[in-house]
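Enquirer: First the structure, which I've put down as structure tokens, then a few questions once you've had a look.
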Amino acid sequence: MINRLTAFLRRSDGSATVETVLWFPLFIAVFGLMLDVAMVFHGQAKVLRVAQEGNREFSIGRLADEAATKAYIEAELAALNIQATATTTEIAGVAHTLVTVPANQLQVLGYFTAFSSLQLNITADHMIEYWEG
């Protein structure tokens, strides 16, 4: 019986399993962090695209004024399930839009609380095209 116990204690079968079980949670946490950061950057790109589109619509006269541009941008973002606040101003012939979005709206997993208080400020500028048609 002692020989069997000694042989059992000397065996190294399954040692890779122990290491895997120890490292797996860390790997999943790092992967989750990368996923959330990538989704925040992707969401930022979507918000920037909508802000640029709104500025262009205002620039060519399809939107009447700053208030209409603000409403357009917020409605387009709401259609993408992004609740944001936008402000649009015209300064010296340039349409300037600032969109503020809480970063936690753009996360997928939401495990990391560092994003919960982070606010993304996305700006876009577009020259006003004075066009008479």
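The values are calculated or read from the model by the stated rules, or taken from the named source; none is laboratory data. Note that this is a predicted model, so its numbers are computed, not measured. Virtual Cβ from ideal backbone geometry, glycine too; neighbours counted across all protein chains shown.
Enquirer: From the set of residues in the range 93-117 that are touching a strand residue (DSSP E or B) at 6+ places or on another chain (Cβ under 9 Å) and exposed (fewer than 13 other Cβ atoms within 10 Å of the Cβ), which is nearest to VAL30 (Cα to Cα)?
Expert: SER116
Enquirer: Given the conditions (1) within 15 Å of THR85 (Cα to Cα); (2) out of contact with any strand residue (DSSP E or B) (no Cβ under 8 Å at 6 or more places or on another chain), which single one is not true for ALA64?
Expert: (1)
Enquirer: Okay, next question. Say we look at the range 79-92 and pick out the residues that are surrounded by 11 or more Cβ atoms within 10 Å (Cβ to Cβ) and more than 22 Å from the chain's Cα centre (by Cα); which of these is modelled with the lowest pLDDT?
Expert: That would be GLU90.
Enquirer: Next question. If I filter the range 83-119 down to residues being among the aliphatic types (A, V, I, L, M) and part of a loop (DSSP other than H, G, I, E, B), which single residue comes out as nearest to ALA45 (Cα to Cα)?
Expert: Quick first cut of the range 83-119, residues among the aliphatic types (A, V, I, L, M) only: 84, 86, 91-92, 94-95, 98-99, 101, 103, 106, 108-109, 114, 118.
Among the residues that remain, those that are also part of a loop (DSSP other than H, G, I, E, B) are: 84, 92, 106, 108-109, 118.
On the way: ALA84: 14, ALA92: 26, LEU106: 11, VAL108: 16, LEU109: 19, LEU118: 16 Å.
The selected residue is LEU106.
Enquirer: Can you tell me which condition ALA124 does not meet? The list is (1) in a strand (DSSP E or B); (2) out of contact with any helix residue (DSSP H, G or I) (no Cβ under 8 Å at 6 or more places or on another chain); (3) not charged (D, E, K, R), and all the others hold.
Expert: Among (1) in a strand (DSSP E or B); (2) out of contact with any helix residue (DSSP H, G or I) (no Cβ under 8 Å at 6 or more places or on another chain); (3) not charged (D, E, K, R), ALA124 violates only (2).
Enquirer: In the range 10-67, which residues are small (Gly, Ala, Ser) and without any contact (Cβ under 8 Å) to a residue 40 or more places away in the chain?
Expert: Matches in the range 10-67: SER12, GLY14, SER15, ALA16, ALA38, ALA45, ALA64, ALA67.
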